[in-house]
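A.B. asks: Just dropping this structure here.
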Amino acid sequence: MDKLYIVVPCYIEEEVLPETSKRLKAKMNQLIKAKKISPDSHVVFVNDGSKDKTWELISSYSEKDHLFGGINLSRNRGHQNALLAGLMTVKEDADMVISMDADLQDDIDAVDRFVDAYYAGNDIVYGVRSSRKKDTFFKRTTALAFYKLMSRMGVESVYNHADYRLMSKRALNALENFKEVNLFLRGIMPLIGFPSTVVEYERNERFAGESKYPLKKMLNFALDGITSFSVKPIRFITAIGFLISVISVIMFIYTIVRHVLGFTVAGWSSIIISLWFLGGVQILSIGVIGEYIGKIYMETKGRPRFIIENYIIHHTKSRK
Ligand code: UDP
Ligand code: MG
């Protein structure tokens, strides 16, 4: 029987943790009883610098029950980094790791099918939501636009897959070699390769508390996803530059012809228009190039992506 670890990033989740831990415990015990996973399997909560009672809750769970472990990050680093911290910490000990949100939006019952898919030989099992019926209209349309834009920009990603997935030890070891600071895990997954499959599940509404992904964070995340994986925006600018050069040649010929024919006074409006237009294009281009330079800047720093304050885990052959 292989060891399963479930990694749950938590940021200000004191309202949902009691319920989440209860349900995860039931699920783990059921899997252990069914002899699907080793009795030394664990649920590890990663506290992403929450200012509420999240860490107190996590450490009390781990004291009461060795099923639970906890990782406390030194400060808030965002969902993706918190998740990576969890994955890289439990990797040595686990045979398979499932990542899941704390708010019970990911259907815990899908875990059974994840584990089955793992034993069937898959290194990465993607949890894919079967529908978006329970989302608000806004979230649904923006999410769809996001996936469409991503694929247009040449970023491979699994449609409707967020960060609910299972990874084998082998896949996690491969993930460790991706050193990027601008972390967009779901874009890295297809690059790892290995046998993989998809498990569909129904995504629920948040159990309690509120989303930590307001519009601004969502847009930043989307922008990161595109600019971390693709040079297409730069190509696009090059194409526009090329097009404008062609147009300017035509304009040059047109101006000469008009001059020869004797209409010399006209042209003020076209000059002003092209002035504004070119100015706009230039600023836009500089902005996008700056985006990439910013990325290079961050990457060259090689800063740690997370710092662990403490890690609690109790290994016991026979759990209470
Ligand atoms: N999260 C985190 N750090 C953050 C923001 C969120 O660890 O800075 C966690 C959060 O606790 C949850 C998961 O990431 O377990 C997804 O966040 P949320 O449910 O707020 O996002 P949504 O489901 O609304 O996209
Ligand atoms: Mg959520």
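The values are calculated or read from the model by the stated rules, or taken from the named source; none is laboratory data. This structure is a prediction, so every number in the text was calculated from the model and none was measured. Note that we place each Cβ from the backbone using ideal geometry, even for glycine, and neighbour counts take in every protein chain shown. What goes into the accessible areas is simple: the full protein's heavy atoms, side chains included, and nothing from ligands, DNA or RNA. Shrake-Rupley method; radii C 1.70, N 1.55, O 1.52, S 1.80 Å.
A.B. asks: Quick one: PHE114 ticks every box in (1) open to solvent by less than 30 Å² (accessible area, probe 1.4 Å); (2) touching a helix residue (DSSP H, G or I) at 6+ places or on another chain (Cβ under 8 Å) bar one, so which box is it?
C.D. replies: (2) is the only condition that PHE114 fails.
A.B. asks: Same structure, new question: Which of (1) open to solvent by less than 30 Å² (accessible area, probe 1.4 Å); (2) among the small types (Gly, Ala, Ser); (3) more than 14 Å from ILE37 (Cβ to Cβ) does GLY121 not meet, given it meets every other one?
C.D. replies: In the conditions (1) open to solvent by less than 30 Å² (accessible area, probe 1.4 Å); (2) among the small types (Gly, Ala, Ser); (3) more than 14 Å from ILE37 (Cβ to Cβ), GLY121 misses (1) alone.
A.B. asks: Could I ask something else about it? I want to confirm something. Restricting to region 208-220 and keeping residues that are more than 9 Å from ligand 1 (Cβ to nearest atom) and surrounded by 12 or more Cβ atoms within 10 Å (Cβ to Cβ), which single residue is farthest from the chain's Cα centre (by Cα)?
C.D. replies: Checked region 208-220; the qualifying residue farthest from the chain's Cα centre (by Cα) is ALA208.
A.B. asks: Another one. From ILE6, ILE71, ILE12, grab the single residue that is hydrophobic (A, V, I, L, M, F, W, C), open to solvent by 40 Å² or more (accessible area, probe 1.4 Å) and either within 23 Å of the chain's Cα centre (by Cα) or within 11 Å of ligand 1 (Cβ to nearest atom) (or both).
C.D. replies: ILE12
A.B. asks: Residue by residue through region 175-202, note down the ones that are of a type outside the set (Lys, Arg) and in a loop (DSSP other than H, G, I, E, B).
C.D. replies: Across region 175-202, the qualifying residues are GLU176, ASN177, PHE178, GLU180, VAL181, ASN182, LEU183, PHE184, GLY193, PHE194, PRO195, GLU202.
A.B. asks: Just one of the numbered conditions (1) open to solvent by 70 Å² or more (accessible area, probe 1.4 Å); (2) farther than 30 Å from ALA174 by Cα; (3) of a type outside the set (A, V, I, L, M, F, W, C); (4) assigned to a helix (DSSP H, G or I) is not true of GLU205; which one?
C.D. replies: Going through the list (1) open to solvent by 70 Å² or more (accessible area, probe 1.4 Å); (2) farther than 30 Å from ALA174 by Cα; (3) of a type outside the set (A, V, I, L, M, F, W, C); (4) assigned to a helix (DSSP H, G or I), GLU205 breaks only (4).
A.B. asks: Still on this structure: Just the residues that are out of contact with any Lys or Arg (no Cβ under 6 Å at 6 or more places or on another chain) and open to solvent by less than 50 Å² (accessible area, probe 1.4 Å), please, taken from region 183-201.
C.D. replies: In the first step, residues of region 183-201 are kept if they are out of contact with any Lys or Arg (no Cβ under 6 Å at 6 or more places or on another chain); the result is 183-198, 200-201.
Within region 183-201, LEU183, PHE184, LEU185, ARG186, GLY187, ILE188, MET189, PRO190, ILE192, GLY193, THR197, TYR201 qualify.
A.B. asks: Give me the pairs: first residue in region 211-226 and in a loop (DSSP other than H, G, I, E, B), second residue within 12 Å of ligand 2 (Cβ to nearest atom) and of a type outside the set (A, V, I, L, M), beta-carbon distance under 8 Å, and six or more apart or on different chains, which are they?
C.D. replies: LYS212/TYR11; LYS212/HIS79; TYR213/HIS79
A.B. asks: Then there's this: Among the numbered criteria (1) modelled with pLDDT under 95; (2) within 17 Å of VAL8 (Cα to Cα), which one does ILE71 miss?
C.D. replies: Unmet condition: (1).
A.B. asks: If we keep just the residues of region 146-176 that are within 16 Å of the chain's Cα centre (by Cα) and among the small types (Gly, Ala, Ser), which is most open to solvent (accessible area, probe 1.4 Å)?
C.D. replies: The selected residue is SER151.
A.B. asks: Out of ALA94, ALA120, report the one residue that is under 28 Å from GLU14 (Cα atoms) and at pLDDT 95 or above.
C.D. replies: Selected residue: ALA94, the only one of ALA94, ALA120 that is under 28 Å from GLU14 (Cα atoms) and at pLDDT 95 or above.
A.B. asks: Would you be able to tell me the number of residues in region 45-101 that are acidic (Asp, Glu), without any contact (Cβ under 8 Å) to a residue 60 or more places away in the chain and not in a helix (DSSP H, G or I)?
C.D. replies: Of the residues in region 45-101, 3 are acidic (Asp, Glu), without any contact (Cβ under 8 Å) to a residue 60 or more places away in the chain and not in a helix (DSSP H, G or I).
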